[in-house]
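K.L.:
Got a structure for you, written out below as structure tokens; questions coming shortly.
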Amino acid sequence: MGKENKTIGLLYNGGRVDLDLKEPSVGPDVVDLKNFSAQTGLYTFDPSYSSTASCESYITYVDGTAGVLSYRGYPIEQLAQESTYLEVSYLLYHGELPTRDQLDVFRLKVKQNMLLEESVIKLFDTFPENAHPMSMLITSVASLSSIYHHDINVREPEDREAFFFQVLGKVPILAATILNHINKKTVGSYDEKLNYSANILNLFFGGVPNFEVNPVFSKALDVLLILHADHEQNCSTSSVRLAGSSGTNPYAAMAAGIAALWGPLHGGANEAVVRMFNEIKSKDRISHFIEKAKDKNDPFRLMGFGHRVYKNYDPRAAFIRETCHEVLDELGQDNNPMLELALALEEIALHDQYFIDRNLYPNVDFYSGIIYQALGLPKEMFTVMFALARVVGWATHWCEMMANPGLRIGRPRQLYLGPKKRNYIPLDQR
Ligand SMILES: CC(C)(COP(=O)(O)OP(=O)(O)OC[C@H]1O[C@@H](n2cnc3c(N)ncnc32)[C@H](O)[C@@H]1OP(=O)(O)O)[C@@H](O)C(=O)NCCC(=O)NCCS
């Protein structure tokens with residue numbers, strides 16, 4: 001391998017192909033395969049993209065071995081401790097931390113978009129009683145494309161920025177409408193005195209007289225939103241990018257991302273974790289479920305454990321566990337049975353050879369559901385909360401991609417294993 005020349009040589013068919021190595025600002029070099037097929041007539045096979053960098057990006061960096069996550073170079077620990085979700089949103093979108101004035105303008109633009117059109121509100125009347133909140137979120141975000149389409153030019157920076165602020169403003173209102181639809185209650189209103197996260201809680205629960213946002217809860221929510229804001233080219237972000245690469249309406253592309261997030265292997269894990277805790281019920285049953293998780297003939301997996309990229313502790317999980325304690329302390333529930341079960345399960349799994357050998361640690365979803373539950377949210381809303389936080393990541397990635405003049409439609413190839421050419425047999429001869 002000629003790293004000094006920034007190429008890698010591939011011996012094939014008696015010849016040699018030199019492939020360029022691209023150098024990232026941090027992390028391992030990347031083999032440039034853009035012209036590989038044209039050069040060799042071959043395709044590469046990487047069905048779940050374990051070895052594939054699908055794009056260039058300047059937004060978020062993850063080092064799964066070292067347990068590092070940073071947004072625009074700033075470590076997640078510093079941001080979670082010292083920043084706010086809205087400031088982090090500014091950082092993700094603009095690439096730099098804002099001055100106070102810049103943050104005020106940003107906040108105002110988000111606020112101006114915190115309203116829903118009548119046709120979207122009416123949509124909620126059409127959902128069945130037991131519709132899953134994620135289904136309602138996908139549908140309602142997609143429905144925004146029925147309002148915002150004709151005037152959007154995805155190649156115009158102003159139109160992209162308008163989309164960014166629309167989703168940052170509208171998704172909290174959609175989430176509040178979904179929660180109050182299932183709870184059959186009234187959505188609260190925006191309060192100028194409150195920050196973004198406190199306003200979300202006010203929209204969720206403030207439709208009754210004398211509701212006051214608990215600052216410990218809004219701080220906990222803000223930390224959760226920061227930790228979930230972006231995570232480079234994960235399944236949902238890649239879905240937004242792939243759908244968006246065709247030039248489709250951005251709300252439609254975002255709905256594709258939300259759909260991908262819903263799955264239990266991705267954002268849906270936070271709901272699945274609490275279902276799992278409910279199924280395990282008590283500490284004495286943990287070992288039975290650990291055995292099930294290790295049994296290859298049993299589809300059961302330890303939800304909230306393992307990660308495609310993190311092969312060390314997920315840096316977000318440690319923070320969320322801390323935040324969990326703070327929220328439960330505030331509620332006077334320091335002996336919360338679900339947290340006790342979670343801590344015991346983590347302890348047992350971390351000392352089990354199966355989990356040690358495979359580097360399986362708690363991920364971002366392991367403790368978050370306990371917090372959401374303590375905040376008063378039903379488990380079906382947990383993945384909506386993830387989406388609410390990730391909106392900024394999806395929108396920023398979409399904007400970054402659409403701003404690239406060299407953008408081409410995403411179009412993978414395949415390893416075809418179907419029948420070779422054969423001749424059609426008319427129906428009466430089969
Ligand atoms: C996150 C996840 C999808 C990553 O998947 P992946 O990168 O494709 O990892 P793999 O499925 O190849 O797992 C590697 C090995 O660990 C095992 N493993 C991974 N996660 C596991 C879990 N949660 N419980 C039990 N075994 C697990 C796999 O069975 C596999 O074992 P093997 O090598 O003996 O075949 C996977 O860890 C998982 O399903 N976790 C639970 C769901 C979850 O919490 N998702 C949220 C992610 S933030």
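K.L.:
Out of segment 293-316, which residues are more than 9 Å from the ligand (Cβ to nearest atom) and without any contact (Cβ under 8 Å) to a residue 60 or more places away in the chain?
P.N.:
Once the filter is applied, which keeps residues that are more than 9 Å from the ligand (Cβ to nearest atom) and without any contact (Cβ under 8 Å) to a residue 60 or more places away in the chain, segment 293-316 yields ASP295, ASN297, ASP298, PRO299.
K.L.:
Yes or no: LEU174 closer than 20 Å to LYS379 by Cβ and modelled with pLDDT of 95 or more?
P.N.:
The answer is yes for LEU174.
K.L.:
Okay, moving on. Return the pairs, sorted by first residue and then second, in which the second residue is at pLDDT 95 or above, the first residue lies in segment 368-393 and is among the acidic types (Asp, Glu), the beta carbons are less than 7 Å apart, and the residues are 6+ apart or on different chains.
P.N.:
GLU380/HIS132; GLU380/PRO133; GLU380/GLU271
K.L.:
Could you tell me which residue of segment 340-365 is farthest from the ligand (Cβ to nearest atom), considering only residues that are β-branched (Val, Ile, Thr) and in contact (Cβ under 8 Å) with a residue 40 or more places away in the chain?
P.N.:
For segment 340-365, the residue satisfying everything is ILE348.
K.L.:
Then there is this: Which ones in segment 279-315 are part of a helix (DSSP H, G or I) and small (Gly, Ala, Ser)?
P.N.:
SER287, ALA293
K.L.:
A further question follows. Which numbered condition trips up MET254, out of (1) within 11 Å of the ligand (Cβ to nearest atom); (2) surrounded by 19 or more Cβ atoms within 10 Å (Cβ to Cβ)?
P.N.:
(1)
K.L.:
Determine if segment 222-240 includes at least one residue that is within 19 Å of LYS111 (Cα to Cα) and among the small types (Gly, Ala, Ser).
P.N.:
Within segment 222-240 (the criterion being within 19 Å of LYS111 (Cα to Cα) and among the small types (Gly, Ala, Ser)), the answer is yes, since at least one residue qualifies.
K.L.:
If you don't mind, there's one more thing I want to ask. For segment 23-53, name all the residues that are polar (S, T, N, Q), more than 16 Å from the ligand (Cβ to nearest atom) and either assigned to a loop (DSSP other than H, G, I, E, B) or on the phi > 0 side of the Ramachandran plot (or both).
P.N.:
Correct list: SER25, ASN35, THR44.
K.L.:
Could you identify the single residue in MET401, MET385, MET381 that is within 16 Å of the ligand (Cβ to nearest atom), within 22 Å of THR237 (Cβ to Cβ) and crowded, with 20+ Cβ neighbours inside 10 Å?
P.N.:
Unique residue meeting the criteria: MET385.
K.L.:
For residues in segment 230-246 being small (Gly, Ala, Ser) and crowded, with 24+ Cβ neighbours inside 10 Å, which is farthest from VAL171 (Cα to Cα)?
P.N.:
Within segment 230-246, the subset small (Gly, Ala, Ser) is 236, 238-239, 243-246.
Filter again for crowded, with 24+ Cβ neighbours inside 10 Å, leaving 236, 244.
Values: SER236: 16, GLY244: 19 Å.
The selected residue is GLY244.
K.L.:
Condition test on LEU331, is it touching a helix residue (DSSP H, G or I) at 6+ places or on another chain (Cβ under 7 Å), crowded, with 20+ Cβ neighbours inside 10 Å and touching a residue at least 40 places away in the same chain (Cβ under 8 Å)?
P.N.:
It is false that LEU331 is touching a helix residue (DSSP H, G or I) at 6+ places or on another chain (Cβ under 7 Å), crowded, with 20+ Cβ neighbours inside 10 Å and touching a residue at least 40 places away in the same chain (Cβ under 8 Å).
The rows are residues; the columns are (1) surrounded by 15 or more Cβ atoms within 10 Å (Cβ to Cβ); (2) charged (D, E, K, R).
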position: GLY9; (1), (2): no, no
position: ASP18; (1), (2): no, yes
position: PHE45; (1), (2): no, no
position: TYR49; (1), (2): no, no
position: ALA53; (1), (2): yes, no
position: TYR58; (1), (2): no, no
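K.L.:
Here is a follow-up. Just to be sure before I move on: is ILE370 β-branched (Val, Ile, Thr), modelled with pLDDT of 90 or more and either surrounded by fewer than 21 Cβ atoms within 10 Å (Cβ to Cβ) or not in a helix (DSSP H, G or I) (or both) in the structure I sent? Please lay out each step first, then the result.
P.N.:
On the way: β-branched (Val, Ile, Thr): yes; modelled with pLDDT of 90 or more: yes; either surrounded by fewer than 21 Cβ atoms within 10 Å (Cβ to Cβ) or not in a helix (DSSP H, G or I) (or both): no.
Criteria not met by ILE370.
The values are calculated or read from the model by the stated rules, or taken from the named source; none is laboratory data. Source: prediction; values computed, not measured. Please note: Cβ atoms are built from the backbone with ideal geometry, for glycine as well, and neighbour counts cover all protein chains shown.
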